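Readers should treat all values here as calculations from the given coordinates under stated rules, not as data from a laboratory. What you see is a predicted model, and the numbers here were worked out from it, not measured in a lab.
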Amino acid sequence: MSIKENNQPLLEFNNITVLKGDNKKVLDSLSLKIYEGEDIAILGPNGAGKSSLIKTITREYYPIPEDNGSSFKIWGQDRWDVFNLRSLLGIVSNDLQYTCARDITGMETVLSGFFSSIGLFKEKITPGMIKKAGERIEFLEIGHLKDRKMNEMSSGEARRFLIGRALVHDPKALILDEPTNSLDLHALYKFSNILRKIAKAGTSIILVTHNLSDIIPEIKRVILMKDGNIYKEGPKESMLTGRNISRLFEAPVAIKKKDGFYYALRK
């Protein structure tokens, strides 16, 4: 039985439109379903609406009310307490990384996930929290950095602590918004291996990116976004073709596949 047949949607967008600034549509009547247990990628050029989609999930953006039955549901519900959402969705974004680039340690950053705060203040830290945070830090292979300040780490190191912060609640899915921005080749290699490790451990990956090579082999479905809507979606092999990617990015490319990864080559 397929994932779709076995589960209700984890995220369900139905005819969602979001306006920004001078009434510019950043999402335009978008409909999309993402199911529990899926590892997926949302791929598109800058300005396609990918980050707006994430900000709609986090309630930073709100869809405009329409009479066409538009709705946005998480796990079948359209109303959620933000704290209760943490057991369903862990979200790591560049905005969060910028906010967390402070004089706080990696361990403090992970522990702050229990309180949805940036760092720790007067929160009561329990031994169970310390144990869980330590387990996530070791799983992400950053135990040697736990006492280092976030503003003294490389981008790749800091990003793994933010993933640890998201994982302390054992979410069903981890949403990563452009996770490889500013990473060098070594950091990209390490980060890719960590994502594969998370996927194999049973946490669904929802990867939002404009880089084809970010898509790890464990991802099976790819959603192509363009102009605030879904351009195409389907199995990875049928989406990541030279024809589709050339049209999506409006640039002539050929696609090469190696060891389960896909790469765009300039024609």
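Using the Karplus curve 6.51 cos²θ - 1.76 cosθ + 1.60 with θ = phi - 60°, what ³J(HN,Hα) values do you get for each residue of region 246-257, in whole Hz, with x for Gly and Pro?
4, 6, 4, 9, 6, 8, x, 9, 10, 10, 10, 10
Search the structure for amide H atoms under 5 Å from the amide H of Leu174, placed 1.01 Å from N in the peptide plane, and list their residues when 5 or more places away or on another chain.
Here Gly90, Ser204, Ile205, Ile206 satisfy the definition.
With the Cα gyration tensor of region 90-170 in hand, convert its eigenvalues to equivalent ellipsoid semi-axes via √(5λ) and list them largest first in whole Å.
17, 14, 12
Rounded to a whole number of µm²/s, how large is the Stokes-Einstein D of region 1-151 at 4 °C and 1.567 mPa s, given Rh as the Kirkwood radius over C-alpha pairs?
72
Restricting to DSSP H runs of at least four residues, report the calculated mean residue ellipticity at 222 nm for the chain, -39500 (n - 2.57) per run over all residues, nearest 500 deg cm²/dmol.
-8500 deg cm²/dmol
Counting only residues 5 or more places away or on other chains, whose amide H sits under 5 Å from the amide H of Tyr61 once H atoms are built in the peptide plane?
Placed amide hydrogens put Thr56 under 5 Å from Tyr61.
Give, in whole angstrom and from largest to smallest, the semi-axes √(5λ) of the equivalent ellipsoid of the chain, with λ running over the eigenvalues of the Cα gyration tensor.
Square roots of five times the eigenvalues give 30, 23, 18 Å.
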